[in-house]
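Student: Just dropping this structure here.
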Amino acid sequence: MHKHSFPRLSGAKSTILVGVLALVSCRQDMHDQPRYEPYEGNDSYADGRSDRPQVGGTIARGQMMLDELLHTGKEHGEFAARFPFPVTAEVLERGRERYDIYCSICHDRTGYGRGLAVQGGFRPPSSFHEDRLREASPGHFFDAITNGFGTMYDLRDRINPRDRWAIVGYIRALQASQNVPLQTLPESVQSQLSEVR
């Protein structure tokens, strides 16, 4: 019988070898934690399921909508004629930023409905400066952003309610900026505009 002989290892090398062998042989079961997998059975419950049904009336965090006006744009089932909070300069600036990101691609930056998507062949949206839309309630615009309108898809998952209202405020500012009667402007502005014409 042939005997194998192994070389003797120095103290430091043997310590390293023992350490490596210990790491390789040690197994931590972190990859198989003591928890139930989806659809795994569970004898603790009469129905045998590990996944428990939601308790009735459960609302996900951040999903409670107590303010009808803020979250739906409606009051008593009708489109709201007012905003749920004051429209300040900061709100209008936020509305302009959100409008430029989400709306101007179709409605263009002035609201006439000649955005880049339209120039590329998409159906043009109505101009915000038509009498019908100048007279529309703020709730109408909020609802269109939330639920879509015509060929416009809904933006509820992209724009939070406060930002939707800010956009509506900015649309109102656009409408006002394009439909100001000349005689209501200061004389200095009237003279500048007459020079342009």
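Student: Taking R0 as 41 Å, what's the FRET efficiency between ARG114 and ARG61 from their Cβ-Cβ distance, rounded to 0.05?
Tutor: On the way: r = 42 Å, r/R0 = 1.01.
Computed FRET efficiency for ARG114 and ARG61: 0.50.
Student: So which GluC sites (Glu not before Pro) in segment 95-167 end up in coil per DSSP with only 10 or fewer other C-beta atoms within 10 Å? Can you show the working numbers first?
Tutor: On the way: sites: GLU97, GLU130, GLU135; in loops: GLU130, GLU135.
Taking segment 95-167 and a limit of 10 other Cβ atoms within 10 Å, the loop GluC sites (Glu not before Pro) found are GLU135.
Student: Calculate the dipole size of segment 68-196 relative to its Cα centre from +1 charges on Lys and Arg beta carbons and -1 charges on Asp and Glu beta carbons; express the result in debye to the nearest 20. Please list the in-between numbers first.
Tutor: Details: 15 positive and 17 negative charges, 56 e Å.
For this selection, approximately 260 debye.
Student: So if we plug the beta-carbon distance of ASP154 and ASP47 into 1/(1 + (r/R0)^6) with R0 = 45 Å, what FRET efficiency do we get, rounded to 0.05?
Tutor: Details: r = 37 Å, r/R0 = 0.82.
Plugging the Cβ-Cβ distance into 1/(1 + (r/R0)^6) gives 0.75.
Student: Next question. Would you list the P(r) distribution for segment 68-196, with all Cα-Cα distances sorted into 5 Å bins from 0 and each bin expressed as a whole %?
Tutor: Whole-percent P(r) values from 0 Å outward: 2, 11, 19, 22, 20, 13, 7, 5, 2, 0.
Student: Report, by chain and number, residues whose modeled amide H sits under 5 Å from the one on PHE149, excluding near sequence neighbours (fewer than 5 apart, same chain).
Tutor: Close amide H contacts, sequence-distant or interchain: none at all.
Student: I've got another one for you. Give me the Å³ per residue figure for the convex hull around the C-alpha atoms of segment 35-119. Before the final figure, lay out each step's value.
Tutor: Numbers: hull volume 20.2 nm³, N = 85.
Considering the Cα atoms of segment 35-119, their hull volume per residue is 238 Å³.
Student: Hey, got a sec? Which trypsin sites (Lys or Arg not before Pro) in segment 55-135 land in a DSSP loop and have at most 16 other Cβ atoms within 10 Å?
Tutor: Values: sites: ARG61, LYS74, ARG82, ARG94, ARG96, ARG98, ARG109, ARG114, ARG132, ARG134; in loops: ARG61, ARG82, ARG109, ARG114.
Qualifying residues, ordered by number: ARG61, ARG82, ARG109, ARG114.
Student: Right, next: Taking segment 107-159, which chymotrypsin sites (Phe, Trp or Tyr not before Pro) meet the DSSP loop condition and have no more than 15 other C-beta atoms within 10 Å?
Tutor: Passing sites in segment 107-159 are PHE122, TYR153.
Just so you know, all these numbers are worked out from the coordinates, no wet-lab data involved. All values derive from a computational prediction rather than experimental measurement. Reconstructed Cβ throughout: ideal geometry from the backbone, glycine too, with neighbour counts over all protein chains shown.
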